[in-house]
Amino acid sequence: YYKFDTGIQQLDKVIGGIHSVEFLGILGYVKNGKSFLSRQIGYNVLCQGKNVLFVSLEMSFESVQHSFLSLHANNIHYWGYDSVKIRTADIRAGTLSPKAELFFREKVIDDFTTNAEMGSLYIKQPTEAKYTPEKLFADIRDIRNNTMDIDLVIIDYPALMLPSSGHRDRESYNELFREIRHFGLTNHLPIIFVIQANRQGFLNALKDKENLYTPDAIGEYSSIEKEATNVISIITTNEMRESGQSQVQHILSRESALCNPIVLNSDFETGVLSELQSLSAEDSEQLIQEIEI
């Protein structure tokens with residue numbers, strides 16, 4: 001049942017990567033990086049040659065597209081340490097410098113769309129005012145039958161969907177998550193979903209000396225706790241933001257032991273989240289050569 005990695009090694013060592021029966025929640029408060037983390041994992045999966053369906057109920061198609069292109073443009077393993085920094089806001093506003101524009105148009109976009117070693121990205125932005133689980137499942141079947149196979153689905157974020165009952169109450173949303181989980185199970189399709197932490201849970205995390213979330217921050221949708229295989233959280237305090245970091249925590253698991261909090265480099269200008277790690281001898285030599293040049 002093993003499929004692929006999240007691309008965050010400390011997390012993968014604990015949960016064993018993403019499996020075909022995965023129903024993984026990413027929890028975070030407003031502007032703390034939960035959508036960044038979902039896109040970073042999605043991009044990491046693309047780099048493993050897998051196909052990703054990104055369902056965006058919050059951001060526009062163009063915004064999601066620009067975010068993934070920014071992740072690819074700022075991938076130092078592809079372009080080296082001295083490549084031009086591409087800011088997502090500059091892509092959206094059309095304010096890239098001439099040098100950055102040339103690099104972005106002639107190299108980044110071409111490689112992202114034609115690189116045979118990378119998987120394919122399909123961005124679905126629902127246009128229906130009432131996007132239900134049934135419509136989501138129909139879209140997945142249509143894409144699978146007519147466009148491409150799908151290895152991973154990311155939903156950002158399902159709480160904005162309309163439950164099948166047509167009611168927006170606690171039990172209806174519990175049923176919504178159960179339906180999505182059941183669809184993934186029966187189709188052997190791993191699903192990552194983004195959820196917002198409740199305000200009190202976020203404030204409690206800020207008061208904690210290690211900025212740790214607790215499961216009650218998940219909110220009133222108790223089915224998430226029952227259905228999710230894993231829930232990981234991301235938090236970015238003001239101090240973390242100033243130092244260019246975020247903290248990821250594994251707060252809920254069906255099978256694996258919870259791992260300690262993981263500190264990531266966090267660049268909100270590019271959307272890149274990367275692990276803190278020392279350079280290998282080979283990378284160090286490359287960096288020194290590029291600096292000398």
So residue 203 ticks every box in (1) hydrophobic (A, V, I, L, M, F, W, C); (2) in contact (Cβ under 8 Å) with a residue 12 or more places away in the chain; (3) over 21 Å from residue 258 (Cβ atoms) but one. Which box is left unticked? (2)
Residues that are modelled with pLDDT under 95, open to solvent by 10 Å² or more (accessible area, probe 1.4 Å), more than 18 Å from residue 9 (Cβ to Cβ) and out of contact with any Phe, Trp or Tyr (no Cβ under 6 Å at 6 or more places or on another chain), drawn from segment 62-88: 78, 79, 81, 82, 83, 85
Contacts under 9 angstrom Cβ, first residue in segment 84-95 being without any contact (Cβ under 8 Å) to a residue 24 or more places away in the chain, partner open to solvent by less than 40 Å² (accessible area, probe 1.4 Å) and of a type in the set (A, V, I, L, M), 6 or more apart: 84/73; 84/96; 84/100; 90/96; 90/100
If you go through segment 1-18 one residue at a time, how many are open to solvent by less than 50 Å² (accessible area, probe 1.4 Å) and not β-branched (Val, Ile, Thr)? 6
Hits in segment 248-262 (condition: free of Cβ contacts under 8 Å to residues at least 60 places away in the same chain, assigned to a loop (DSSP other than H, G, I, E, B) and either under 16 Å from the mean Cα position of the chain (by Cα) or closer than 19 Å to residue 201 by Cβ (or both)): 261
For residues in segment 206-227 being assigned to a helix (DSSP H, G or I) and without any contact (Cβ under 8 Å) to a residue 60 or more places away in the chain, which is surrounded by the fewest Cβ atoms within 10 Å (Cβ to Cβ)? 207
Got at least one residue in segment 125-138 being under 19 Å from residue 162 (Cβ atoms), open to solvent by 30 Å² or more (accessible area, probe 1.4 Å) and in contact with a helix residue (DSSP H, G or I) (Cβ under 6 Å, 6 or more places away or on another chain)? yes
On the given criteria, is residue 201 within 26 Å of residue 40 (Cβ to Cβ), touching a Pro at 6+ places or on another chain (Cβ under 8 Å), assigned to a helix (DSSP H, G or I) and open to solvent by less than 50 Å² (accessible area, probe 1.4 Å)? no
How many residues, within segment 32-46, are closer than 11 Å to residue 121 by Cβ and either of a type outside the set (Val, Ile, Thr) or surrounded by fewer than 24 Cβ atoms within 10 Å (Cβ to Cβ) (or both)? 4
Does residue 95 satisfy the condition of being surrounded by 14 or more Cβ atoms within 10 Å (Cβ to Cβ) and of a type in the set (Val, Ile, Thr)? no
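To keep it simple, each residue is scored yes or no on (1) within 26 Å of residue 257 (Cβ to Cβ); (2) free of Cβ contacts under 8 Å to residues at least 40 places away in the same chain; (3) out of contact with any Asp or Glu (no Cβ under 6 Å at 6 or more places or on another chain).
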{"site": "14", "(1), (2), (3)": "yes, no, yes"}
{"site": "20", "(1), (2), (3)": "yes, no, yes"}
{"site": "35", "(1), (2), (3)": "no, no, no"}
{"site": "39", "(1), (2), (3)": "no, no, yes"}
{"site": "51", "(1), (2), (3)": "no, no, no"}
{"site": "59", "(1), (2), (3)": "no, no, yes"}
{"site": "62", "(1), (2), (3)": "no, yes, yes"}
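Do we have any residue at all in segment 239-247 that's at pLDDT 90 or above, open to solvent by less than 30 Å² (accessible area, probe 1.4 Å) and assigned to a helix (DSSP H, G or I)?
yes
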Within segment 139-170, track down each residue that is open to solvent by 50 Å² or more (accessible area, probe 1.4 Å) and among the hydrophobic types (A, V, I, L, M, F, W, C). 160
Within segment 190-206, the count of residues that are over 30 Å from residue 53 (Cα atoms) and aliphatic (A, V, I, L, M) comes to 3
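The values are calculated or read from the model by the stated rules, or taken from the named source; none is laboratory data. Since the model is a prediction, treat every value here as computed from it, not as a measurement. With ideal geometry, Cβ positions are generated from the backbone for all residues, glycine too; neighbour counts draw on all protein chains shown. In case anyone asks, the SASA skips ligands and DNA or RNA and just uses the protein heavy atoms, side chains included. Shrake-Rupley method; radii C 1.70, N 1.55, O 1.52, S 1.80 Å.
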